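Report on the following structure.
Nothing in this text is a laboratory measurement; each read-out follows from the coordinates by a stated rule. In this text the structure is predicted, and so the values were computed from the model without any measurement. As a convention, Cβ positions derive from the backbone with ideal geometry for all residues, glycine included, and neighbour counts pool all protein chains shown.
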Amino acid sequence: MIVVPGPASQNLGKKIAETLNARIVPVDLKTFPDGEYCLRFEDDFKNEKVIVVQSTGPPQDTNILQLLIMIDAAKDLGAKKVTAVVPYLAFARQDKRFLPGEAISVATFVKLIEASGTDHFLTVNIHAKDTLKRFSIPTENLSAITLLAEHFKTQGLDGAFSLSPDKGAIKLAEEANQVLGGDYGWLRKKRNRFTGEIQVEEKSFNVKGRDVIVFDDIISTGGTIAKAVKMLKTQGARRVYAACVHPLLIGEAKQKIMQNGAEEIVGTDSVPSSVRTVSLAPVIAEALARIGA
Ligand code: R5P
């Protein structure tokens with residue numbers, strides 16, 4: 001088993017390889033003056049099973065193309081099987097035609113992953129599970145919520161209330177509650193499909209004097225979590241924490257969440273960020289060993 005940590009997932013890829021005790025094949029990335037680049041595997045893997053680790057957070061286009069080039073080249077160089085580990089799947093939120101005429105971007109991305117020669121696809125907390133039905137190759141969708149909840153438990157937050165900021169993400173709060181056991185709930189969120197503005201419906205929770213953790217799959221602009229934190233603090237919550245799997249944290253997202261009263265933002269190393277407290281390496285390595293990647 002060989003692990004190739006792609007340019008977008010150097011640290012996580014190396015950690016996965018260490019956990020699996022697998023050989024690493026580094027990739028040399030040479031960028032030309034016009035912005036194009038050349039990727040070169042620094043070792044041979046003919047007839048071997050290769051795991052390419054490359055998350056596709058910002059800059060999405062570059063990270064996606066590098067992922068596809070690596071997989072295609074690995075096959076071309078004789079890899080027996082290629083497993084793509086893409087912890088954050090870009091465009092996963094554009095899984096429907098929300099407005100007439102819109103492209104279903106994630107459908108295009110899935111087609112490209114398959115066309116590149118991927119034999120097995122692995123991701124973490126995909127935004128909508130139905131997207132997996134678009135693949136004809138085997139897929140794994142892992143969850144990092146238990147790892148995040150366990151982190152909070154070790155920090156003394158056993159018994160905290162778990163909240164998902166969106167009814168669609170209720171499974172996240174349910175899963176966290178399995179670990180924290182302090183009950184759970186969810187909010188209702190509406191997004192204006194023209195402006196992108198979100199509205200979080202006012203809802204009361206029994207959180208007075210209690211610790212609350214808001215679990216989401218993605219933090220992008222921070223608007224969703226910031227609104228949830230503010231509502232909980234107004235309802236008398238003692239401490240409110242933000243937890244997410246994919247901390248994209250665009251622009252002032254972190255400040256926005258903290259200014260609305262959060263104690264801390266805890267994320268995973270799915271994408272590079274300053275809040276990557278919890279590593280996905282154990283859960284990904286365990287899955288890769290299980291599927292014989
Ligand atoms: C969308 O439904 C996702 O689950 C997240 O809630 C969303 O992407 C968060 O976006 P933002 O941080 O920009 O509010």
* Treating the angle as unsigned and between 0 and 90°, give the value, to the nearest 10°, between the Cα long axis of helix 223-234 and the longest Cα principal axis of the chain. => 30
* Quick one: if you take sqrt(5λ) for each eigenvalue of the C-alpha gyration tensor of the chain, what semi-axes come out, biggest first, whole angstrom? -> 35, 21, 17
* Calculate how steeply helix 10-20 sits against the longest principal axis of the alpha-carbon atoms of the chain, using the helix alpha-carbon long axis, and give the answer as 0 to 90 degrees to the nearest 10. => 80
* To do: Give the calculated FRET efficiency between Lys111 and Leu65 to the nearest 0.05, with a Förster radius of 22 Å applied to their Cβ-Cβ distance.
  => 0.95
* Structure fact -> Filtering GluC sites (Glu not before Pro) in the range 161-200 by DSSP loop and by at most 11 other Cβ atoms within 10 Å leaves Glu197
* To do: Return the long-range amide H neighbours of Leu248 (sequence gap of 5 or more, or a different chain), with a cut-off of under 5 Å between placed amide H atoms.
  => Ile219
* Which angle from 0 to 90°, rounded to the nearest 10, does the C-alpha axis of helix 170-180 make with the longest principal axis of the chain? -> 80
* **Stretch gain in nm, segment Asn21-Arg238, where the contour uses 0.36 nm per residue and the Cα spacing is subtracted** => 73.8 nm
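Using a 10 Å cut-off around each Cβ, can you sort Arg97, Arg238 from fewest to most neighbouring Cβ atoms?
In increasing order of surrounding Cβ atoms, one gets Arg97, Arg238.
So which chymotrypsin sites (Phe, Trp or Tyr not before Pro) in the range 180-227 are both in a DSSP loop and have at most 16 other Cβ atoms within 10 Å of their Cβ?
Details: sites: Tyr184, Trp186, Phe194, Phe205, Phe215; in loops: Phe194, Phe205.
Qualifying residues, ordered by number: Phe194.
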* To do: Sequence neighbours fewer than 8 away in the same chain don't count; with that in mind, list the lysines whose C-alpha is under 16 Å from Lys233.
  => Lys203, Lys208, Lys256
* To do: Quick one: pull the percentage of alpha-carbon pairs in the range 145-269 with a separation above 21 Å.
  => 29
* Structure fact -> Taking Cys38, Cys244 and counting other beta carbon atoms within 10 angstrom, the fewest-first order is Cys38, Cys244
* What are the chymotrypsin sites (Phe, Trp or Tyr not before Pro) within the range 77-144 that DSSP puts in a loop, where the Cβ has at most 14 other Cβ atoms within 10 Å? -> Phe98
